[in-house]
Amino acid sequence: NIEFDTQPLTVTGGKLVVKGYGGIYADYVTISGGVVEVEAEYGAITPGDTEKEDGFVTISGGKVTLYSEYSDAIYSTGDITVSGGEVILYGDYGIYADGNVTVTGGELEIEAYDDAIYAAGDVTISDGDIYIYSYSYNGISAYGNITISSGDVVISVGGNYAIEACGDETAVTINGGF
């Protein structure tokens, strides 16, 4: 495990490899370059303090491979943003955000047992090459709005829905990307 608790973790280059029971515990994670490989039983990237509401994970470059056998590949108490890089995720949930999920670029491949992308807020995809597979639940699930406006997006599910809007007043807008 690597624990940063309330301290930020920033990776701009080099190679970071974490293998073990837990992965990276940090509230604020920024990856803009280098190679990050995490293989954990419970949570590849997860908050150090789950009571905080302003955590974030931002990936703008590099090669990121996150594997979590029994939990989320990426979990944040706030927002999760992917704007570049090559990102490969495997977990119970691929991406789980208590805030919003935004994808504006990069290559993103997610395999999940549960929801591949889950957000308590909005999910916005405006660019990138995105492959999503959920073995038994949803490809994208959100309590906020879901917007897909560009990019190459492929969603496959072995269970429920490719896209599930969970909120009472949730809107799904697709005007590109498939």
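FYI, it's all coordinate maths here, none of it is from the lab. Small disclaimer: the values here were computed from a predicted structure and weren't measured. Here the Cβ is made from the backbone with ideal geometry for all residues, glycine too, and neighbour counts use every protein chain on show.
Calculate the FRET efficiency for Tyr161 and Asp49 from the Cβ-Cβ distance with a Förster distance of 41 Å, rounded to the nearest 0.05. After rounding, the FRET efficiency stands at 0.80.
Taking one quarter of the surface of the C-alpha convex hull of the range 46-120 gives a mean projected area of 4.4 nm².
Loop-located GluC sites (Glu not before Pro) in the range 72-178 (DSSP state not H, G, I, E or B) with no more than 12 neighbouring Cβ atoms inside 10 Å: Glu169.
If you find the alpha carbon centre of the range 1-60 and of the range 97-164, how far apart are they in angstrom? About 21 Å separates the Cα centre of the range 1-60 from the one of the range 97-164. Computed over the chain with a Gaussian network model linking Cα atoms closer than 10 Å, the most mobile of Thr65, Thr30, Thr12 is Thr12. The chain has equivalent-ellipsoid semi-axes of 24, 16, 15 Å, by the square roots of 5 times the alpha carbon gyration tensor eigenvalues, sorted largest first.
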